[in-house]
Amino acid sequence: MTALVPSDRSYDPSDRWFQDAVFYEVLVRGFYDANDDGTGDLAGLRAKLDYLQWLGIDCLWLLPFCPSPMRDGGYDVSDFFNVHPDYGTLGELVGLLEDAHRRGIRVIADLVINHTSDQHPWFAESRSSRTNPKADWYVWNDDDQRWPEARVVFTDVERSNWTWDDVRQQYYWHRFYSHQPDLNYDNPEVVEAMFEVVRFWLDLGFDGFRLDAVPYLYQRDGTSGEHLPETHAFIRRLRKQLDAEYSGRVLLAEANGWPADVADYFGDGDECHLCFHFPLMPRLFMAVRREHRFPITEILSQTPELPDGCQWAIFLRNHDELTLEQVTDEERDYLFAEYAKDPRMKRHMGIGRRLAPLLDGDRRLAELLYSLLLSLPGSPVLYYGDELLMGDNIYLGDRDSVRTPMQWSPDRNGGFSRADFAQLYLPPLMDPVYGFGAVNVEAQLRNPGSFLHWIRGMLVQRRSLPVLGIGNIELLDCPNPAVLAFVRWGEVADVSLAAPDGLGPPAVMPTVAAVPVEPADVARTVPAEHGAPGAARTRFQAVLCVHNLSRFAQPVQLDLAGWAGRRPVEVLGRVSFAPIGPEPYSLALGPHGYLWFDLVEPAWAESDPS
Ligand code: NOJ
């Protein structure tokens with residue numbers, strides 16, 4: 001089964017497309033309502049592909065869209081082989097996939113692999129007796145004392161991982177809500193059933209999966225029930241099937257753990273293609289509040305090398321709380337004190353807020369964090385609405401605080417839906433700061449200085465610097481702890497960079513005359529070693545990225561002796577700076593400033609007239 005390969009020249013044909021892709025996480029329910037029933041749908045998402053293509057993302061990640069009682073945002077699946085009727089039909093889903101592919105956009109699905117809803121027919125059958133054909137499809141026990149070492153994930157709402165079932169007169173095991181019983185992966189029939197699910201969605205045209213809650217598939221006595229060897233064996237089997245029948249499709253692990261544990265989900269390059277880097281995220285927020293690079297450099301130093309053909313997935317915010325599971329108690333207290341001043345902002349073991357309100361609406365800080373996200377090693381994953389700096393609603397329950405409707409315009413319901421307000425799945429934001437009157441796509445498209453245009457321009461820049469995707473990182477030592485500086489370097493395909501004079505046409509930020517929504521016009525590049533057709537020559541590329549984590553201007557002296565002879569050319573304006581010599585290189589950065597420099601080779605730099 002081959003993936004749909006469109007003729008669009010911007011479609012990256014390499015199997016390693018994900019290594020420098022920009023992902024966009026989207027809540028179908030919250031994006032755009034095409035049939036005016038108050039809930040976003042697949043037809044609505046399809047109608048907005050123009051926008052996403054213009055924004056310049058490479059891959060959509062769809063949050064769960066299968067039938068579900070919706071007690072956990074669809075992570076409580078009641079039928080793995082269909083689409084929730086509120087979102088449309090399988091036919092509409094195929095239409096969406098085809099249209100996205102034609103535009104060079106890939107699409108991955110959330111695969112809720114660990115558990116089902118208690119409304120799933122499999123569970124109904126399993127609980128009905130101890131002898132029915134699916135009796136062992138879930139994890140049952142006579143008492144609730146087994147596996148005490150396994151932590152409860154939603155500590156604020158669940159007291160135990162066991163819940164009593166009156167029907168079967170036994171306890172069943174669940175790592176999340178009690179209405180989400182865990183499947184029993186020790187039963188080969190369950191494994192086979194899940195492979196069938198996987199084949200079903202890949203055959204429809206999905207480009208891969210985010211593997212939800214993948215560390216918890218198995219339970220073993222005397223262990224925490226996370227990251228077990230049996231789980232890795234299962235993933236290897238899954239990967240084998242992808243490699244054999246669905247090349248180019250990817251697995252992205254949602255494994256919230258310490259980098260060394262999470263790196264195991266890459267295996268030897270024979271498990272997941274991508275893993276979320278969970279511990280980096282809270283440390284970005286910590287570093288900007290402490291105005292100190294240590295939280296970031298420390299976690300990077302603990303991050304193992306990637307096996308060949310793998311990549312981290314890095315993010316600022318997502319559909320869940322800003323999880324604080326991977327920090328110390330002291331760090332958690334600090335982050336709660338800084339970012340969740342109102343106790344209503346807390347959710348599970350984290351903070352239920354979006355990016356902009358977390359940053360007190362500070363645009364400079366938002367730009368700084370995105371600059372880090374787009375230049376640190378990993379494929380960036382954006383969360384819908386954060387490209388507008390949308391706000392949140394902490395008065396909504398659970399994580400609905402960050403799942404309100406996308407704000408398209410200042411019109412009724414923020415242009416999300418023409419249904420009656422009372423019919424909407426959640427109320428759109430209407431406050432004076434973040435409400436749809438103030439923050440919406442239409443207004444930001446018309447304003448060339450908007451955050452939306454800024455981020456779109458940054459994605460254009462990132463695409464022109466492929467080393468940011470797959471390059472190595474050298475952290476630079478510098479005496480000022482408020483500054484984080486690093487060089488991304490490595491071989492890249494020699495197709496996208498400036499003319500041989502090295503200073504060629506300025507890669508200007510895009511501007512907008514009226515409200516045009518047209519495809520990004522920058523060719524995607526594929527490193528030659530990744531086997532892309534036509535990309536035979538490679539060249540060495542080095543990009544220096546400097547970030548001021550402080551709210552005040554900062555001087556910095558960088559030890560760039562290893563790069564002596566090269567000339568830094570600032571990426572956004574193509575302005576050439578003084579060549580690097582053996583002595584420390586001095587720069588000044590404005591409050592929360594950031595600079596990216598192409599470190600141009602001496603031969604190119606010589607032709608600079610300045
Ligand atoms: C992780 C998902 O991101 C979260 O939203 C969900 O509640 C749990 N898995 C349970 O499926």
**OP:** Could you check Ser117 against (1) modelled with pLDDT of 95 or more; (2) open to solvent by 30 Å² or more (accessible area, probe 1.4 Å) and say which number it fails?
**Re:** (2)
**OP:** Give, as residue ranges, the helices (runs of 4 or more DSSP H) completely inside segment 389-493 that count at least 1 residues that are more than 27 Å from Leu300 (Cβ to Cβ) and open to solvent by less than 30 Å² (accessible area, probe 1.4 Å).
**Re:** 441-446, 451-463
Original post:
List, please: which pairs have Cβ atoms under 9 Å, are six or more places apart or on different chains, and start with a residue in segment 89-101 that is more than 10 Å from Leu49 (Cα to Cα) and end with one that is among the aromatic types (Phe, Trp, Tyr) and not in a helix (DSSP H, G or I)?
Top reply: Leu90/Phe81; Leu93/Phe65; Leu93/Tyr87; Leu97/Phe206; His101/Tyr11
Subject >> Pairs with Cβ under 9 Å, 6+ apart, first in segment 159-176 and on the phi > 0 side of the Ramachandran plot, second of a type in the set (Asp, Glu) and surrounded by fewer than 18 Cβ atoms within 10 Å (Cβ to Cβ) >> reply: Gln169/Asp142
Original post:
So Pro85 clears everything in (1) within 16 Å of the ligand (Cβ to nearest atom); (2) over 15 Å from Arg210 (Cβ atoms) except one condition, right? Which one?
Top reply: (1)
**OP:** Give the number of residues within segment 566-583 that are surrounded by fewer than 14 Cβ atoms within 10 Å (Cβ to Cβ) and free of Cβ contacts under 8 Å to residues at least 40 places away in the same chain.
**Re:** 5
**OP:** For segment 297-316, enumerate the residues that are surrounded by fewer than 17 Cβ atoms within 10 Å (Cβ to Cβ) and either at pLDDT below 95 or not polar (S, T, N, Q) (or both).
**Re:** Glu298, Pro304, Glu305, Pro307, Asp308, Gly309
Original post:
Is at least one residue of segment 348-357 open to solvent by 50 Å² or more (accessible area, probe 1.4 Å), of a type outside the set (S, T, N, Q) and part of a loop (DSSP other than H, G, I, E, B)?
Top reply: yes
Original post:
Pairs, please: C-beta under 8 Å, at least 6 apart or cross-chain, first residue within 16 Å of the ligand (Cβ to nearest atom) and in segment 230-259, second open to solvent by 20 Å² or more (accessible area, probe 1.4 Å) and assigned to a helix (DSSP H, G or I)?
Top reply: Leu251/Arg239; Ala255/Asp261
Subject >> Complete set of residues in segment 88-103 that are of a type in the set (A, V, I, L, M) and either within 16 Å of the ligand (Cβ to nearest atom) or surrounded by fewer than 19 Cβ atoms within 10 Å (Cβ to Cβ) (or both) >> reply: Leu90, Val94
Original post:
Failed condition for Ile57, given (1) of a type outside the set (Phe, Trp, Tyr); (2) part of a loop (DSSP other than H, G, I, E, B); (3) away from the ligand (no atom under 13 Å from the Cβ); (4) open to solvent by 20 Å² or more (accessible area, probe 1.4 Å), with all others met?
Top reply: (4)
Original post:
Mind checking which residues of segment 318-344 are assigned to a loop (DSSP other than H, G, I, E, B) and away from the ligand (no atom under 16 Å from the Cβ)?
Top reply: Val327, Thr328, Ala340, Lys341, Asp342
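The values are calculated or read from the model by the stated rules, or taken from the named source; none is laboratory data. Just so we're clear, the structure is a prediction, and the values are computed from it rather than from any experiment. With ideal geometry, Cβ positions are generated from the backbone for all residues, glycine too; neighbour counts draw on all protein chains shown. Ligands, DNA and RNA are excluded from the accessible area calculation, which covers all protein heavy atoms including side chains. Shrake-Rupley method; radii C 1.70, N 1.55, O 1.52, S 1.80 Å.
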